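Rule-based calculations on the coordinates, nothing more; no lab input. What you are looking at is a predicted structure, and each value in this text was computed from that prediction instead of being measured. When we count neighbours, we look across all protein chains shown, and the Cβ atoms used for this are built from the backbone with ideal geometry, even at glycine.
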Amino acid sequence: MTKEKYLDDLKEIRTIMDKSTRFISLSGMSGIMAGIYGLIGSAVGFYIINTQKIYFNTFSYEKLTAGDILSNHGLIIIGTALIVAGLSIITAYFLTIKKARKHNQNIWSSQSRRLVLNFLIPLATGGLFVLVLMQYKLIGLVAPAMLIFYGLSCVNASKYTIGTVKYLGITCIALGMINTQFIGYGLYFWALGFGVCHIIYGAVMHFKYDQ
């Protein structure tokens with residue numbers, strides 16, 4: 001009986017320590033929804049690119065240039081990506097608020113501020129780097145760079161939240177590095193990383209931490 005009480009006390013101490021140093025209210029369901037949004041966005045991109053291939057024989061994803069990106073169809077793809085990101089952020093915000101209330105945790109605490117800061121620094125750096133790639137017409141490296149820097153953001157922020165986020169980040173980094181050797185297939189890797197992996201890791205987080 002004493003041993004069981006001792007173990008319960010240790011679990012309670014660990015929970016208190018986690019709450020004091022980590023923001024544990026990230027919603028696994030928001031990861032699942034972000035993955036679904038990512039797959040829908042990828043499908044839109046595939047549709048546009050395949051349509052371009054039908055009507056413009058000289059066009060192919062492998063030869064995608066900055067001019068193609070800034071065309072009407074390219075702008076639609078960029079707009080779709082921004083919509084996907086926006087929906088993901090909004091969904092994560094509201095589901096995280098719901099979970100935070102359930103755990104009696106403040107949504108904007110020192111833990112969440114550290115989480116956001118450590119997530120945004122690599123992400124903002126990656127965004128600027130992607131703009132440089134587009135400036136020099138290195139369009140084939142845009143998708144790998146997005147995956148790599150997003151993965152670095154997840155790994156960097158994982159110290160202040162649920163540990164599963166670190167493994168999502170490592171997976172995205174690995175996919176981005178592999179994608180550098182398969183230039184022209186960025187949408188496939190983008191769909192795998194931002195779509196499928198988000199759904200998988202979101203489901204793990206949901207069933208492990210949200211129940």
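Which trypsin sites (Lys or Arg not before Pro) does region 77-148 hold that lie in a coil by DSSP with at most 13 other beta carbons within 10 Å?
Sparse-neighbourhood loop trypsin sites (Lys or Arg not before Pro): Lys137.
Would you please give the residues with an amide H less than 5 Å from that of Thr161, counting only those at least 5 places away or on a separate chain, with H modeled from the backbone geometry?
The answer is Phe23.
Order these by the 10 Å Cβ neighbour count, fewest first: Ser109, Ser30.
With the fewest neighbours first, Ser109, Ser30 line up as Ser109, Ser30.
Within region 92-178, which chymotrypsin sites (Phe, Trp or Tyr not before Pro) sit in a loop by DSSP and count at most 11 neighbouring Cβ atoms inside 10 Å?
In loop regions of region 92-178 (DSSP not H, G, I, E or B), the sparsely surrounded chymotrypsin sites (Phe, Trp or Tyr not before Pro) are Trp108, Tyr136.
For region 174-211 and region 88-131, what is the separation of their C-alpha centers, rounded to whole Å?
Distance between centres, Cα-based: 19 Å.
Taking 0.36 nm per intervening residue step and subtracting the Cα-Cα distance, what contour gain separates Ala203 from Ile78 on full extension?
42.2 nm
With an 8 Å cut-off on Cα pairs and a minimum separation of 6 or more residues, tell me the relative contact order of region 108-211 in percent.
Relative CO of region 108-211 lands at 26 percent.
How would you rank Met33, Met146, going from fewest to most other Cβ atoms within 10 Å of each one's own Cβ?
Fewest-to-most Cβ neighbours within 10 Å comes out as Met33, Met146.
Label 7 Å along Cα→Cβ of Phe46; region 179-196 residues with amide nitrogen under 13 Å?
186-193, 195-196
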